[in-house]
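Notes to accompany the following structure.
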Amino acid sequence: MPVRKKAEVTLRFKGIEYEIEYVDLAKPPEWFLNMSPLKKVPILQVGKHIIFESSVICEYLEEAYSNKLHPNDPVLRAMNRSWIEFGNSCLWDSFYITVKNEREEFYQSMEDLHIKFDQIEKILKAPFFNGKRISLVDISFSPMFQFLTYINDLEPIIFSEVRDPKIIT
Ligand SMILES: N[C@@H](CCC(=O)N[C@@H](CS)C(=O)NCC(=O)O)C(=O)O
């Protein structure tokens, strides 16, 4: 099962029609290199405009389309955006644990990530970040949790019902 990127999850949630073109990043085609300023995926083409950086793409989709995913309250909305940034840093941490050569390093990195999970656990209202309704912050975390679920199947130390009861739900 592929890990769905947050921009794609947002497109699907909002019921927006889209076409997706996958790029081999080991051998990126010329058209992609010309379109993507940072030479990274994802990018979103809207008419003749290119939007890049997945968080920015999601914010654009949120502003331009219905099925709102951010809370109405400006303070809550800003706080959600802060946690989206936090989620981005967790995503990188979760990637780095998979490239550790030594078992000890893997466990240490996992513990560092768990300390961040403890912070999420404290703020999370469950079942979703803001309570009953799914929001953009949940979608932002989804690629990381999809990815970590695969790792947890190999090494079941990532999710703990005792330590992270709300995250588990
Ligand atoms: N902050 C960027 C990160 C995007 C990113 O790192 N994409 C990776 C794939 S997951 C990539 O395109 N890497 C190609 C490269 O760095 O050359 C975003 O969220 O859009």
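The values are calculated or read from the model by the stated rules, or taken from the named source; none is laboratory data. This structure is a prediction, so every number in the text was calculated from the model and none was measured. Note: ideal-geometry Cβ built from the backbone for every residue, glycine included; neighbour counts use all protein chains shown.
A few points about this structure:
- Residue in the range 144-163 that is modelled with pLDDT of 90 or more and among the charged types (D, E, K, R) present: no
- Unique match (being within 30 Å of SER66 (Cβ to Cβ) and surrounded by 14 or more Cβ atoms within 10 Å (Cβ to Cβ)) among ILE134, ILE158: ILE134
- Taking first residues from the range 28-54 that are without any contact (Cβ under 8 Å) to a residue 40 or more places away in the chain and partners that are of a type in the set (D, E, K, R) and within 10 Å of the ligand (Cβ to nearest atom), the Cβ contacts under 7 Å between residues at least 6 apart in sequence or on separate chains come to PRO28/LYS39; LEU33/LYS39; PRO42/LYS5.
- Subset of the range 3-21 (residues that are free of Cβ contacts under 8 Å to residues at least 60 places away in the same chain and not basic (Lys, Arg)): ALA7, GLU8, LEU11, GLY15, ILE16, GLU17, TYR18, GLU19, ILE20, GLU21
- Residues satisfying the stated conditions in the range 65-108, i.e. more than 16 Å from the ligand (Cβ to nearest atom) and closer than 18 Å to PRO143 by Cβ: LEU69, ASN80
- Residue check, ASP24 exposed (fewer than 13 other Cβ atoms within 10 Å of the Cβ), within 15 Å of the ligand (Cβ to nearest atom), without any contact (Cβ under 8 Å) to a residue 12 or more places away in the chain and among the acidic types (Asp, Glu): yes
- Top-ranked residue of the range 98-124 - restricted to ones that are loosely packed, with under 11 Cβ neighbours inside 10 Å and assigned to a loop (DSSP other than H, G, I, E, B), ranked as modelled with the highest pLDDT: GLU102
- On the stretch given as the range 1-48, residues that are polar (S, T, N, Q) and under 30 Å from ASP153 (Cβ atoms) total 1.
Let's see how each residue does on (1) within 12 Å of the ligand (Cβ to nearest atom); (2) surrounded by 13 or more Cβ atoms within 10 Å (Cβ to Cβ); (3) of a type outside the set (D, E, K, R):
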position	(1), (2), (3)
LYS5	yes, yes, no
ARG12	no, no, no
ILE16	no, yes, yes
SER36	yes, yes, yes
LYS48	no, no, no
GLU53	yes, yes, no
CYS58	yes, yes, yes
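- One residue alone among SER142, SER94 is touching a Leu at 6+ places or on another chain (Cβ under 6 Å), part of a helix (DSSP H, G or I) and outside the structural domain of LYS14 (by TED's automatic domain parsing), and that residue is SER94.
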